[in-house]
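Take a look at the structure set out below.
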Amino acid sequence: MSYLDQRVREAFDEVKVPESVKNQTLACIEAARCAAEVPVPAPMGSSSEKEPSPRSRFRAHGVRRVAALAACLVLAAVCLSGYRLYAEPTAYVGIDVNPSLELSVNRFGLVVEARALNEDGRAVLDSVSLENRPYASALEALTESEGFAPYIQETSFVEVSVTSGDNRQAESLRAESDAQLAALPCAGACAVVSEGDRAAAADAGMGVGRYRAALELMEYDPNVTLEACSKMSMRELRDRIEACAHPDGATTSGGKGEGHGPAGGGRFGQGASSGSGNGMGRGQGGDPGASL
């Protein structure tokens, strides 16, 4: 059974008809049953072989109408529950370059909302539709869109942050993000982060990746403020962090590689990490597969 099949099964296991609807439905059915069981006196001199009286036929039709109504009530409740399961996000993916945006993903792996976190993000979302697509397809469409293309040049840095209470879904989204980052010409990092980090970033009015990079830079340089960091691109933040981490200007050498683990590394700095500690960094320099 595929991961998506399992998610669908688990979702429909959670579909429950509200107690009020069940009680109303049972009451309607019981009332119809009682009405049908009330005997209708036969007219004097009538024979049991005669056609059913109009009153009997009316009651029979009434029972069918009530039963149909009850079925409709149950169907409506199931449909509403199903829609809630579809529309309810179970994971959030933050994407920071200079544009910052967040994708809300449901339990089926479909993007149900794309939200811009800054002006550049709004401009990007105006150029591409991401909702109701599988996450991997949405991320591919985003990176190939005209609005996003200027921000993923060779010197850029893309930070992807995944938040979910479902570890399996978080890992699946991280792996799909890693695959897409590997196809880009720029450096990038992907990590699973906590809901606490996401909430703190929202309070600061920043994307999770930018917020975490800002905290890292502020540890090196207390004179830097969150407000100043909010105006920097991820490339600028990573360059500043790299300069603070290596004040003597020393850099590692080597070929292009990927880093996996708590922090992925390359010439452009470390990939963010937290929560599950899964991350990926890409860049020129550093030993292939090494993490800083």
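Below are the figures for this structure:
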read-out: Matching entry among Ala200, Ala228 (being closer than 20 Å to Gly121 by Cα, part of a helix (DSSP H, G or I), free of Cβ contacts under 8 Å to residues at least 24 places away in the same chain and under 26 Å from the mean Cα position of the chain (by Cα)); value: Ala200
read-out: Selection count, region 173-210, where residues are open to solvent by 30 Å² or more (accessible area, probe 1.4 Å) and among the hydroxyl-bearing types (Ser, Thr, Tyr); value: 1
read-out: Flag if Glu227 is among the acidic types (Asp, Glu) and either at pLDDT 95 or above or surrounded by fewer than 13 Cβ atoms within 10 Å (Cβ to Cβ) (or both); value: yes
read-out: Yes/no for Asn132 being free of Cβ contacts under 8 Å to residues at least 24 places away in the same chain and under 18 Å from Glu171 (Cβ atoms); value: no
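The values are calculated or read from the model by the stated rules, or taken from the named source; none is laboratory data. Quantities reported herein were computed from a predicted structural model and do not represent experimental measurements. Neighbour counts run over all protein chains shown; Cβ positions are idealised from the backbone, glycine included. Ligands, DNA and RNA are excluded from the accessible area calculation, which covers all protein heavy atoms including side chains. Shrake-Rupley method; radii C 1.70, N 1.55, O 1.52, S 1.80 Å.
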